[in-house]
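Here's the structure we're looking at; comments come further down.
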Amino acid sequence: MKKKVKQLVDWFYQETDRGTENVASCKNIYDMVERLQYRLEGLENEHMILLREIAELKTKLESL
């Protein structure tokens with residue numbers, strides 16, 4: 001488990017635009033986790049919206 005956490009932290013702080021942005025906005029691991037949780041919630045919401053749209057499309061297709 002520690003190895004995976006270390007890999008995640010290394011990935012998070014890579015020398016890229018994403019890494020620079022993350023270093024600037026996240027001062028400690030707790031800020032990083034909170035930010036990742038918000039992002040996860042956003043992705044879950046997008047997923048639910050897409051599932052609803054797919055269901056609507058299937059309903060329309062079945063009615064044809």
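Read-outs: derived from the displayed coordinates by stated rules, not from any lab. Predicted model only: the values in this text are computed from it and were never measured. Positions of Cβ are generated from backbone atoms using ideal geometry, with glycine treated the same way; all protein chains shown enter the neighbour counts.
Residue by residue, what Karplus-based ³J(HN,Hα) values in Hz, rounded to whole numbers, does segment 36-48 have, using 6.51, -1.76 and 1.60 with θ = phi - 60° and x for Gly and Pro?
Computed from phi, the couplings for segment 36-48 are 5, 5, 4, 5, 4, 4, x, 5, 4, 5, 4, 4, 5 Hz.
Grab the beta carbon distance between LYS4 and ASP31, set R0 = 22 Å, and tell me the FRET efficiency rounded to 0.05.
Numbers: r = 20 Å, r/R0 = 0.89.
That gives a FRET efficiency of 0.65.
So how much slack lies between LYS60 and TYR38, counting 0.36 nm per residue of separation and subtracting their Cα-Cα distance, in nm?
On the way: separation 22, 0.36 × 22 = 7.92 nm, distance 3.35 nm.
Result for the pair: 4.6 nm of gain on full extension.
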